[in-house]
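Below is one structure, written out as structure tokens; comments come after it.
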Amino acid sequence: MGKQKIIIVGGVAGGATAAARLRRLDEQAEIILFEKGEYISFANCGLPYYIGEVIKDKEALLVQTPEKMGQRFNLDIRIHSEVTKIEPAEKKVTVYDSQRKKHYEEVYDKLILAPGAEPVKPNLPGINSKKIFTLRNVPDTYRIKDYVDNQKPEHAVIVGAGFIGLEVAENLHHLGVKVSIVELADHVIGPLDLEMATLVHQHLQAKNIKLYLQDGVKSFTENQSHLEVDLQSGKRLKADLVIMGIGVKPETKLAKEAGLQLGQTGGILVNEYLETSDPHIYAVGDAIEVTEFISRQPRLMPLAGPANKQGRIAANNVYGKKEQYHGVLGTAIAKIFDLTVALVGNNEPNLIQRQIPYEKSFTHSGSHAAYYPGALPLSIKLLFHRENGSILGAQIVGFAGVDKRIDVLATALQAKMSVFDLEKLELAYAPPFSSAKDPINIAGYTAANILKEDARIFHWNEVTELNPEKDLLIDVRTPEEFALGSIARAINIPIDDLRERTSEISKDKNIHLFCQVGLRGYTAYRILAQQGFTNIKNLSGGYKTYQ
Ligand code: FAD
């Protein structure tokens, strides 16, 4: 192969990875990396923590400088350089050097696009106020931090309750700012399902964060000292600072104007080799449309892990290897105050929309053995195929040990395992870390029981549909637990009295059992099933999930 000239557009996650990988493969290639901003390879994911002073050192956000990276990898890195035009037929780009204020052209053999995604800024009245910010890069972060340091805002409104909005909320709260969050949906973190997000709502409220769900911003109005944020519901919030975090959209202008094909989600269309519709142009990261690993449906997935992996694969392919990108699982995790929230794969709306037959289980295990100090609740929702039990998605909310469980499930999902495999996984155990039956095993047992019909279940949202004439709700927890609150119309027969009290239960009724998290309900189910009751169901995830 002759000496290749490779141009890369975008110098952060996808672009910088591709550049470094290319150099490792090919000492001869001429590699030019264009970045329109001042910084390359910075830590986007760390930006909220600099605002909150968890990361104190400005330099820590800059993983690489153009000089150091340029030298180490022998790259021609040009910052303040925006690629403004691609001419695929001539294999040529036009670049605007914003410092010298001039345009010039460069030709390429291969081009890699990694321009990322930009925050959505809706066209609302008052949106251009100097008190309203978005957070994408290092200059945005410094602007917000300077504003917080100098103006000392008392009230902040975060618009949009995605991961970034919530991370910023936590960091502003950490600095003593009173934070309100406005979210159009009925729950925070879009990809999470409602009942799992409810655990996050409770936690946010416990931290004195005001949540305005199913509400949107109508307008912003400057007052003398602050901004009035008017909501669609008619509510009015006071803000000294507003952060817009309502999502990002792929940067596709350049690709579109060059005639490259876009996908149905609006991202740049690529094939499994990350080639765009032009064979000399590759694209990676937040700007592209990816294929979801299980359903093979198109999706946008603005996450750092996929961007880095795609950068490496695109570089391999530019070099001449033929490596495929297998698609995205959507594995994601965030710290939200003391909670950790993590998810992988599909959620329920995805599965319904794609008409994939599924079942779900809820388990609430301890993060480690209950008798060893410090065990904390860990809630797992597992989504799996109704016929073969293959894992389709998972969501975990807890305080400790969430990260390793989601990574086990992400690995299981990628290996196309089923819930029956989760039952058998031999995971590391000692009391400070787990239980002899790890929460993943418990989730596997519970899901497998559902499929094997060892225990039929009903879900929290079916409770309102129960008919008092035909359906009997039995709370098998202790009288003390029952007294603290139960489901309306439920009777209390504690599990330890059940064998003696079965005569009180009519065999003509549909019996709906529940306990706190589902385990005692399951034991009660097995007792009744072996006494000849046939019409029994246990509440998945118990009263905790119902609540
Ligand atoms: P980027 O990293 O955004 O890089 C694109 C670069 O291209 C930009 O620097 C841009 O200036 C440049 N560019 C664009 N157009 C041009 C042009 N025409 N010419 C020259 N340069 C151009 N993901 C996670 O997985 N976990 C997290 O915890 C997480 N936290 C985040 C927190 C924040 C505040 C933000 C903003 C993002 C976070 N992300 C997180 C998302 C993650 O950062 C992105 O998915 C990832 O950076 C995407 O990589 P990319 O290379 O596609 O784009």
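To the nearest 10 degrees, how steeply does helix 13-25 sit against the main Cα axis of the chain, on a 0 to 90 scale?
Rounded to the nearest ten degrees, it is 70.
Quick one: which of Lys3/Lys309; Lys322/Lys416; Lys5/Lys110; Lys360/Lys509; Lys131/Lys178; Lys360/Lys404 span more than 18 angstrom between C-alpha atoms?
Lys3/Lys309; Lys322/Lys416; Lys360/Lys509; Lys360/Lys404
Quick one: pull the percent of accessible area on region 167-309 belonging to carbon and sulfur, 1.4 Å probe, ligands and nucleic acids left out.
47
Any idea what the relative contact order of region 1-156 is, in percent, if you count C-alpha pairs under 8 Å spaced at least 6 apart?
25
Enter the Cα centre distance for the pair region 300-315 and region 137-165, rounded to the nearest angstrom.
Comparing the Cα centres of region 300-315 and region 137-165, I get a distance of 27 Å.
Hey, any idea what the orientation-averaged projected area of the convex hull of region 442-547's Cα atoms comes to, in nm²?
6.3
Go through region 63-74 residue by residue and turn each phi into a ³J(HN,Hα) via Karplus (6.51, -1.76, 1.60, θ = phi - 60°); whole Hz please, and just put x for glycine and proline.
Going residue by residue, I get 5, 9, 9, x, 5, 5, 5, x, 6, 4, 9, 6 Hz, with x marking Gly and Pro.
Starting from the Cα of Lys544, draw a straight line to each of the aspartates and glutamates and keep only those under 17 Å, dropping any in the same chain fewer than 8 residues away.
By straight Cα distance, Lys544 reaches Asp193, Glu195, Glu462, Asp475, Glu480, Glu481.
Taking only protein heavy atoms and a 1.4 Å probe, what accessible area per residue, in Å², does region 290-346 have with all protein chains in place?
That works out to 38 Å² for each residue.
Would you work out which of Leu409, Leu260, Pro373 lies farthest towards the positive end of the dipole of the chain? Charges go on Cβ: Lys and Arg +1, Asp and Glu -1.
Sorting the options by dipole projection puts first Leu260.
Summarise the accessible area of region 318-363 (1.4 Å probe, protein heavy atoms) by the percent that is carbon and sulfur.
The nonpolar share, carbon plus sulfur, comes to 49 percent.
With angles folded into 0 to 90 degrees, how steeply does helix 163-174 sit against the dominant principal axis of the chain? Use alpha carbons for both and round to 10.
80
Compute the angle between helix 194-206 and the longest alpha-carbon principal axis of the chain, please, reported from 0 to 90 degrees and rounded to the nearest 10.
In the chain, helix 194-206 runs at an angle near 80 degrees to the longest axis.
Measuring with a 1.4 Å probe in the full set of protein chains, what accessible area per residue, in whole Å², belongs to region 230-289?
Per residue, region 230-289 has an accessible area of 43 Å².
Sorted by average packing, counted as other Cβ atoms within 10 angstrom per residue and highest first, what order do 338-351, 425-438 take?
338-351, 425-438
Name the residue from Leu303, Phe337, Ala315 whose Cα lies farthest towards the positive end of the charge dipole of region 302-366, charges +1 on Cβ of Lys and Arg and -1 on Cβ of Asp and Glu.
Ala315
Cross-link partners among aspartates and glutamates for Lys218, C-alpha distance below 16 Å, same-chain residues fewer than 8 apart left out?
Partners found: Glu183, Glu228, Asp230.
Each residue of region 141-157 in order: what ³J(HN,Hα) in whole Hz does its phi give by Karplus 6.51 cos²θ - 1.76 cosθ + 1.60, θ = phi - 60°, with x for Gly and Pro?
Result, ordered by residue: 5, 5, 4, 5, 4, 4, 4, 5, 5, 8, 8, 6, x, 8, 10, 10, 10 Hz.
Taking every pair of alpha-carbon atoms in the chain, what share in percent sits in each 10 Å bin, from 0 to the bin with the longest distance?
Final binned percentages: 3, 16, 23, 23, 18, 10, 5, 2, 0.
Straight-line reach from Lys58: which lysines have Cα under 18 Å away, leaving out those fewer than 8 places along the same chain?
The qualifying lysines are Lys68, Lys145.
Compute, for the chain, the length of the dipole vector about the Cα centre, with Cβ point charges of +1 (Lys, Arg) and -1 (Asp, Glu) only. Units Debye, rounded to 20.
In total the dipole reaches around 520 debye.
What shape does region 173-242 have by the C-alpha gyration tensor, where a ≥ b ≥ c are the square roots of the eigenvalues, rounded means a/c under 1.5, and otherwise prolate means a/b greater than b/c and oblate the rest?
In terms of gyration-tensor shape, oblate.
The values are calculated or read from the model by the stated rules, or taken from the named source; none is laboratory data. Being a predicted model, the structure only gives us computed values, none of them experimental. When we count neighbours, we look across all protein chains shown, and the Cβ atoms used for this are built from the backbone with ideal geometry, even at glycine. Note: accessible area is taken over every heavy atom of the protein model, side chains too, but ligands, DNA and RNA are not part of it. Shrake-Rupley method; radii C 1.70, N 1.55, O 1.52, S 1.80 Å.
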